[in-house]
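Trainee: Mind looking over this structure? Questions follow.
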Amino acid sequence: MTQGKISVATCQFAVGPNPRRNGAQIRRQMVQAKDAGAEVVHFPEAALSGYGGADVKRWEDYDWNALREETERVMELAARLGVWVILGSSHRLSGDHLPHNSLYAIDPSGRIVERYDKCFCTGSDLKMYSCGDHLSVITINGVRCGLLICYDIRFPEIYRAYKRENVACVFHSFYNARADGPSIHTTVMRPTLQGHAGINYVWISATNSSAYYGSWPSVFVRCDGTILGSLRFHRAGIMVNEVDTTTQFYDASHAYRDRAMAGLLSSADGVDDPRSRDRRSL
């Protein structure tokens, strides 16, 4: 386990189609986060670009120059403030390829040091985005951190893959917003995040757009599955929590997790006994 502490600002606002407006809100929250003592500022899926399909109906008319300028302004502010930024956006590809749905990891010098491209895209996503094909791991204050986007939550294998990479904190960005009303997401998303955290012993910052109707507000989950903080439905805001891998919390599967990950699906080797092998007799 990597050792260290990180002060994380989990941010939400009503993501929309205009990168200029999104960018202004992002920069305001970056300043608020810095003033609150945050070292990492984490934003929702597609926070800067707007989300393809919901906010952006077609890329042919999209203002990519504005998006680039706004991204550079976020990078410049990250350098001035000396903070990390985990920024949801859309990454333009060449030719006729659809863009990636991405998270940029911007370091305190204002450089993009890594980019995660959403690996698991929904059927509707695939009409607007190209899938990614890689995990993304960055190290902040000695803590290995992974990046995920929205629908990735439905695949526990990707959390396990990060666990194999000794990741201790996951920045998971969502866009479960502009829905018709409550949905299954309202019921299952936060408990699923708690399950991923506790089963894998990883901290999770999960940020969601606050646009109406948002299925659930952003949450911060400790490595034992405890929700330490939650923002309000449909309200822009930030919350600052601390990742602390120097303190041991409850980890129920610690003793046998490596064994399970190696494909050995029991706590110990079986016994060589005929009554054990015979599963049809009393």
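The values are calculated or read from the model by the stated rules, or taken from the named source; none is laboratory data. All values reported here derive from a predicted model rather than from experimental measurement. As a convention, Cβ positions derive from the backbone with ideal geometry for all residues, glycine included, and neighbour counts pool all protein chains shown.
Trainee: Is there a residue in segment 123-135 that is surrounded by 14 or more Cβ atoms within 10 Å (Cβ to Cβ), touching a residue at least 60 places away in the same chain (Cβ under 8 Å) and under 20 Å from Ile204 (Cβ atoms)?
Mentor: No - not one qualifying residue is present in segment 123-135.
Trainee: Hey, another quick one. Listed residues Val271, Val221; which is touching a residue at least 12 places away in the same chain (Cβ under 8 Å) and not aromatic (Phe, Trp, Tyr)?
Mentor: Val221
Trainee: Would you mind telling me which numbered condition in (1) touching a Gly at 6+ places or on another chain (Cβ under 7 Å); (2) free of Cβ contacts under 8 Å to residues at least 40 places away in the same chain; (3) not aromatic (Phe, Trp, Tyr) Ile112 fails?
Mentor: Failed condition: (1).
Trainee: Related question: Please find, within segment 37-70, the residue that is modelled with the lowest pLDDT out of those that are in contact with a helix residue (DSSP H, G or I) (Cβ under 8 Å, 6 or more places away or on another chain) and not aliphatic (A, V, I, L, M).
Mentor: Selected residue: Gly53.
Trainee: Considering only segment 162-188, how many residues are in contact with a helix residue (DSSP H, G or I) (Cβ under 9 Å, 6 or more places away or on another chain), under 21 Å from Leu87 (Cα atoms) and not in a loop (DSSP other than H, G, I, E, B)?
Mentor: Qualifying residue count for the region: 4.
Trainee: Let me ask something else about it. Condition check: surrounded by 19 or more Cβ atoms within 10 Å (Cβ to Cβ), in contact (Cβ under 8 Å) with a residue 60 or more places away in the chain and in contact with a helix residue (DSSP H, G or I) (Cβ under 7 Å, 6 or more places away or on another chain). Does Leu87 satisfy that?
Mentor: In short, yes.
Trainee: Go over the candidates Val83, Val15, Val31, Val74 one by one and state the one that is under 23 Å from Ala168 (Cα atoms) and β-branched (Val, Ile, Thr).
Mentor: Every option except Val83 fails the conditions.
Trainee: Another one. With the condition kept exactly as written, say whether any residue in segment 99-121 is surrounded by fewer than 16 Cβ atoms within 10 Å (Cβ to Cβ) and within 25 Å of Asp61 (Cα to Cα).
Mentor: no
Trainee: Looking at segment 185-215, which of the residues that are under 26 Å from Ser49 (Cα atoms) and of a type in the set (Val, Ile, Thr) is surrounded by the fewest Cβ atoms within 10 Å (Cβ to Cβ)?
Mentor: Among them, the one singled out is Thr186.
Trainee: May I pose another question? Quick check: is even one residue across segment 198-212 free of Cβ contacts under 8 Å to residues at least 40 places away in the same chain, under 28 Å from Ile140 (Cα atoms) and either in a strand (DSSP E or B) or of a type in the set (Phe, Trp, Tyr) (or both)?
Mentor: Yes: one or more hits.
Trainee: Quick test for you: out of Ser210, Ser267, pick the one residue that is among the small types (Gly, Ala, Ser) and under 22 Å from Ala46 (Cβ atoms).
Mentor: Ser210
Trainee: Is it true that Ser109 is hydroxyl-bearing (Ser, Thr, Tyr) and either at pLDDT below 95 or touching a Leu at 6+ places or on another chain (Cβ under 9 Å) (or both)?
Mentor: In short, no.
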